[in-house]
Structure formats: structure tokens, C-alpha cells
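See structure below.
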Amino acid sequence: MNPIPAVLVTGASSAAKASFVRALLAARPVNERWALLDNDGDNLARDRADPQLPVATTGGCACCTGQVALRTGLVQLIRQSRPQRLIIAASGAADPVALERVLRDEHLARALQVTHRLCVATPEQLSGCPPPARERWQQQLRAADFVVATNDAAAQALGAMLATFGIVDKRAIRAADALLALIPPPTVAGATAA
């Protein structure tokens, strides 16, 4: 059995992250069965009533006190729903290194493979946060494959902030572009490459 592709979504702003996850779930191809593990406490499970989109919630920080709950939630969700893709919305306090350690557990690694790591952020959240939180969010930014912003202006502002944090190998992209990277539009039969 091939591992289930998983998308890990972290980030400083719960509201922006929840908005992005909702947009991602809404863009799900109708013929694909996905599942969502919500560790961010945004009640994404309450918002979904789609049998093609099973949702589980876990409490506690996914990387420390909630590791057992995260593992258990993932195993149950995978066994019960057998999704074709799994979305994991992690708590804003999650340490990405510890979170990756949980997801690379030998048993979980056989069942799922994290294909994309996204960090959803807003310039306001990052600029106004106290140093301990800023350090955690910078860790999440560094661990992400790409940083997701709500619009062009936010992407430009986040890009400048990444540079000030010394994160030069990442760029911030609009949520719409992130969705296209995750779910490319279907190809049209008979279309030729330009």
C-alpha cells in the first residue's frame, strides 16, 4: 500500500490558517476522498458535513503533550476513512521539528508521507508577537516548503519579513497560488502544450 499524501499546515494566525484550510478543502476534487486532522482548535470539524471529508480533532500541542493524541487521531482517521489525501492543521504553538518526528514515526511513515509543509502567516501577527512566540513562528517558517499569505500585499510584506529573519530560501505566496500548487487544475483532454 502506498503512503497517503499528507499536507501539514502550520502558522501563527489561527484565523488565516483556518481560512486557508477551508479554501483547500473546498478545492478538493469531487472524486477524491480526503480527511482532515484538526489540531488547531478552530472547529473545522463542526464546519464540515461531507461524508467524503471525514474530520477528527485532537487536543493538546501536537508536538509535546498531545503526541499520543496526534498519533491516535491519525491512525484512527486513516483506518476508518482510508483517505486519498490527508490535511493536518497543527496548533500555532507546534514545534515543527518535534511535529516532524511524530509524523516520521516508523508506523505512521508507512501509512502517510508529508508531501507539502505550509506555514500560513500574516505580517501583522508576526510583527506584533512577543519574542518567544516569534521564535516558534520563525521555526515554522523555516520548516515550511512555502509561506502562504492572504493576498499580494501580504505576500510582499511577508517576503520582506522573511529576509529580516534571515530566511532567504523561502518565499511567500498568495493563498490562491498555494492552492494551485497543491491541486493543479485538471488538464483538458486534447489540449496541446504551448
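Across segment 125-140, what is the number of residues that are touching a residue at least 12 places away in the same chain (Cβ under 8 Å) and either aromatic (Phe, Trp, Tyr) or part of a helix (DSSP H, G or I) (or both)?
9
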**Request:** Those residues that are among the charged types (D, E, K, R), farther than 15 Å from Ser13 by Cβ and modelled with pLDDT under 90, I need them from segment 135-194; list them, please.
**Result:** Glu135, Asp169, Lys170, Arg171
**Asked** If Gln125 passes every condition in (1) crowded, with 17+ Cβ neighbours inside 10 Å; (2) within 16 Å of the chain's Cα centre (by Cα) but one, which one does it miss?
**Response** (2)
**Request:** Name every residue in segment 81-98 that is farther than 12 Å from Leu37 by Cβ and assigned to a helix (DSSP H, G or I), in order of residue number.
**Result:** Pro96, Val97, Ala98
**Failed condition for Ala62, given (1) modelled with pLDDT of 85 or more; (2) in contact with a helix residue (DSSP H, G or I) (Cβ under 8 Å, 6 or more places away or on another chain); (3) surrounded by 15 or more Cβ atoms within 10 Å (Cβ to Cβ)** = (1)
**Prompt:** Does segment 110-121 contain any residue that is within 17 Å of Leu24 (Cβ to Cβ), among the polar types (S, T, N, Q), at pLDDT 90 or above and not in a loop (DSSP other than H, G, I, E, B)?
**Reply:** yes
**Asked** So which residues in segment 168-178 are surrounded by fewer than 17 Cβ atoms within 10 Å (Cβ to Cβ) and among the hydrophobic types (A, V, I, L, M, F, W, C), if there are any at all?
**Response** Val168, Ala176
**Request:** Considering (1) at pLDDT 90 or above; (2) in contact with a Lys or Arg (Cβ under 8 Å, 6 or more places away or on another chain); (3) within 22 Å of Ala15 (Cβ to Cβ), say which one Leu126 fails and leave the rest.
**Result:** (1)
**Item:** Residue pairs meeting the criteria (Cβ under 8 Å; at least 6 apart or on separate chains; first closer than 17 Å to Leu158 by Cβ, in segment 13-32; second of a type in the set (Phe, Trp, Tyr) and at pLDDT below 90)
**Value:** none
**Request:** Please enumerate the residues belonging to segment 157-173 that are touching a helix residue (DSSP H, G or I) at 6+ places or on another chain (Cβ under 9 Å) and either under 17 Å from Pro131 (Cα atoms) or assigned to a helix (DSSP H, G or I) (or both).
**Result:** Ala157, Leu158, Ala160, Met161, Leu162, Phe165, Gly166, Ile167
**Asked** For Ala143, all conditions in the list (1) in contact (Cβ under 8 Å) with a residue 12 or more places away in the chain; (2) of a type outside the set (S, T, N, Q); (3) within 19 Å of Ala35 (Cα to Cα) hold save one; what is the number of the exception?
**Response** (3)
**Message:** For segment 82-97, which positions are surrounded by 15 or more Cβ atoms within 10 Å (Cβ to Cβ) and more than 15 Å from the chain's Cα centre (by Cα)?
**Reply:** Pro83, Gln84
**Message:** Just to verify a result, which residue in segment 33-53, among those that are surrounded by fewer than 23 Cβ atoms within 10 Å (Cβ to Cβ) and modelled with pLDDT of 90 or more, is farthest from the chain's Cα centre (by Cα)?
**Reply:** Arg33
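The values are calculated or read from the model by the stated rules, or taken from the named source; none is laboratory data. What you see is a predicted model; the values in this text were computed from it and never measured. Backbone-built Cβ (ideal geometry, glycine too); neighbour counts: all protein chains shown.
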